[in-house]
Amino acid sequence: MGIFSSIKKFKGQDYSKLKKKCQGAGVLFTDSEFPAAARSISPSGSGVANVVWKRPHEICEKPRLFVDGIGTGDVTQGQLGNCWFVAACSVLAGVKVLWHKVIPDYEEQEYSTENPKNYAGIFHFRFWRFGEWMDVVIDDLLPTVNGQLIYTHSRERSEFWSALLEKAYAKINTSYESLDGGNLCDALVDFTSGVSVTIDLVEGGYRSDEAKKTQLFKQLRREMDDYALMCAAVAARNREEVEQRTEMGLVKGHAYGITAIKKVPIGNTTLVNFFTGREKIYMVRLRNPWGEKEWSGAFSDGAEGAGHDYVYPTQSLSHMLSRFVARTNKNHWRSPEWSKISDSEREKIGLTFDNDGEFWMTFDDFVANFTDVSVCQLINTSFFSFSKTWVEERSFGMWAAGARGTLERAGGCLNNRSTFLHNPQYRFDVDSEVEEVIVQLSQKDQRERKHEGALNLCIGFHIMKVEMNRKYRVHRIQESAATSDYIRSRSIFWRDQLPRGRYVLVPTTFSPGEGGEFLLRLFMGSSPELHELLKDQPKPSICPCFTPPAGVVVVKVVSATGLEKQDSLGSADPYVLIRCGRTKVTSPAVKETLNPTWNCKAVFYRKANEPIKVQVWNSCLLKDRFMGQATLLAENSPGNVVEYELNLFGKTRADATERRPGKLAVEVIADSDMAAV
C-alpha cells in the first residue's frame, strides 16, 4: 500500500461525475462542502477583511494550471504562516513522478483555450492521510483582496496550481486558518505516503564531528537520488526570534526547501587552495518559500543590501573564502567564489543569480547555519529504484481507557511501570543476524479541530526483546531493545539495527488514560510478520482428555563453557535446543567456539512439574552432532529469576548419567500464574 495504492473519495465527492454533471448543465462547479465563505478561511467566521472569492479567469486574462511546466521556484508564500506547506510544495515540484500523484490528470485539468468547454471550475488533488490516499475535489474560487491572491500563489500571475493545491489541503484540514503553523514533515508525508524524520544538527553533533557530517551528506544525497523530499530550518528559541534574520541572511523559525545536493568539481580552480586535498566540494541548493531573502555567505548569488563587507563567524568556511560580495551588474550581487567554478559546471547544477529565493551553499556552511533537516523517505515501492528493497507491514490500533477508569489499553509510557503493559502490543521477528528496522507511529491529526483547541497527543513507543516463541501478551517488562523519542507530533520515526530475535513493540501515549487512534508502520528487508498480541495466555482446552497447563516458565540459556572439541581445529559451531513437552525452541549457531553465548530465551506453558530439557548441538554440513544435555525441574519462584549452572550429560537411557564436557549458565522464571510473564 504505497504511493500507488487505492484512492478514497474525500467527503464522497467523485471528481469525474461532478465535472460531467457541470459540463452537461453548462454551469461552473461550486463546492458546498468547502464554500467560498468566511468559515472556509476560519471556522469562527473571522479572518482577512474585504475578501472577494474569484475564479482564475476573473484574476487574469489567460489562466493556466502550469506556466512552462512546474518548478521548485514556482511557489510563493502568502499571508498565512504556512511556510512549512509552501517549502514542501517547492521540493514536491522538483520530483515529477510525485507531483503527478498529488496533481492527477494534470493535462486534463489544465485550462485550455483550444477546448474551453472542458473547463467546469472543478479540480482535484490527492493527499495521503492516516494510511490511505484521499482524492479531494474543490472549485476554483480563490480568496483575493484588491484582485490579488492573499495566500499561496505562483510567481507567474497566470499560474494557479499552487493556489489550488493549497485550497484542497485547506479543505482536508477544515480551513485555511488550520494551516497557520505546522510541521513540514507532515506535509511531506501527505504528498508521498513516505515516512519522515527530523535530524537535529546541533544535538546530533554534526557541526563538530567531521565523520558524522560526511556520513550525513552521503545519506542525504543517496536519499535525494531515491526521490526523498527534504527541508531545512533555523530554529527560533522564542516567539520574538521568529522571522528574524541571522547575520548570514537566513530567516529563523522558517522552512527552506532543499532542492539539490551535489558534489562540485574544483580540481582546475583556485578553490583547491581553500579545500586542501579535495577535488570536489559538497554543496546544497535551497529555496526560501518567500521567493526572496537568500543566504548571503560564501557562494551566495543574490545578497540584499550588498556593497559592504559582511562579517562572517569565526572559523566558518565563509570566513576563509570571502570578505566581501562583488557586484556583477546593477541588478545582481554575486559571491566571488562562483567565479572559481567553470561555466559548464555552473550550467550543469542550474546556477542562477536572480533574487528568487533559491541559493547554493557549501555543506559545511549548511550544517553550521541550519539547525534541523526534515527528510521524507519513500519506502517500499517497486516503482522507484531504491538501494534497498523494503517490506512494509502496518496495523491500525487504538489507545482506549477501560470502564470505570481502568487503563485497559492506555497505560502510558515506560515511566508508568504498573500500567505500561496495558498498552497495545505488537510482535515482530528479525530473522537475519542483524537487520535494519524502520518504525513510524502516527496518530490521527488534530489539525482539523485546531480551532477547538485540540492538540495531538504526546506519543512514542518502546521495543522489548522477548522469548523466541512468544505468542501471548507480555505481562512482565523485558529486556529493552529501543525507545523512541516522545513528542507531541503527528508522527514518530525511528530507524536502527536490531539483532536476530523476536521483539514486542509497545506504542503508547506519554501519560496513561489518554485515548486516540494510531497507525503503526514497520519496514524491514524481509517480512517482519507483524502481529498484534491480543490474548493474555492459552485458553483452556474443551477436550476432557487434555491436561491443561498448570503454570508458565521462561528459560534463558545464557551461555556455555568448556564444550567438547568437535573438529580438527579444536572448535565447534554450537547451538542450543530448549524443549518442554511438545514445544521446542532452537537458537542460532555460534561459529567456531567452545564457549558460546546465546542468550536464547523461550517461554513454555507446562503441565505440573513438567521438566525442561536443554540440549547442545554442533551445527554440521551433513548431520548435526549431539554435544550434551541438561534437565531441570524449575520449581515455581513467583517474581524471581533463579540462576542455574548445569552439567551436561548424554541423552539416551544408556548414557543419561554419563558426564559430557561443558557447563550451561541458565536463568529461569517459573510461576503458577500464566499471566505472570
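Just a few scattered comments:
- Residues that are within 17 Å of Gly515 (Cα to Cα) and in a strand (DSSP E or B), drawn from the stretch 420-453: Leu441, Ser442, Gln443
- Identity of the residue in the stretch 250-309, in a strand (DSSP E or B), at pLDDT below 80 and surrounded by fewer than 19 Cβ atoms within 10 Å (Cβ to Cβ), that ends up farthest from the chain's Cα centre (by Cα): Pro265
- In the condition set (1) within 38 Å of the chain's Cα centre (by Cα); (2) among the charged types (D, E, K, R); (3) at negative phi, Glu564 is compliant with all but (1).
- Check on Ala630, farther than 22 Å from Arg659 by Cα, surrounded by 13 or more Cβ atoms within 10 Å (Cβ to Cβ) and modelled with pLDDT of 95 or more: no
- Count of residues meeting criterion [surrounded by 20 or more Cβ atoms within 10 Å (Cβ to Cβ) and either farther than 18 Å from Ser442 by Cβ or not assigned by TED's automatic domain parsing to the domain that holds Tyr472 (or both)] in the stretch 503-523: 3
- When restricted to residues that are in contact with a strand residue (DSSP E or B) (Cβ under 6 Å, 6 or more places away or on another chain) and either more than 16 Å from Leu632 (Cα to Cα) or of a type outside the set (Lys, Arg) (or both), the stretch 600-609 contains 5.
- Selection status of Asn609, crowded, with 18+ Cβ neighbours inside 10 Å, over 39 Å from the mean Cα position of the chain (by Cα), not assigned by TED's automatic domain parsing to the domain that holds Asn469 and not basic (Lys, Arg): no
- Qualifying position, being modelled with pLDDT of 95 or more, within 28 Å of Phe523 (Cβ to Cβ) and either under 24 Å from the mean Cα position of the chain (by Cα) or of a type in the set (S, T, N, Q) (or both), among Arg394, Arg427: Arg427
- Test: residue in the stretch 204-216 that is more than 23 Å from Thr30 (Cβ to Cβ), in a strand (DSSP E or B) and over 19 Å from the mean Cα position of the chain (by Cα): no
- Of the criteria (1) at pLDDT 75 or above; (2) touching a strand residue (DSSP E or B) at 6+ places or on another chain (Cβ under 8 Å); (3) not assigned by TED's automatic domain parsing to the domain that holds Glu436, which one Ile349 fails: (1)
The values are calculated or read from the model by the stated rules, or taken from the named source; none is laboratory data. Computed from a prediction, not measured in an experiment: that's the story for all the values here. Cβ sites come from the backbone with ideal geometry, for glycine too, and all protein chains shown count toward neighbours.
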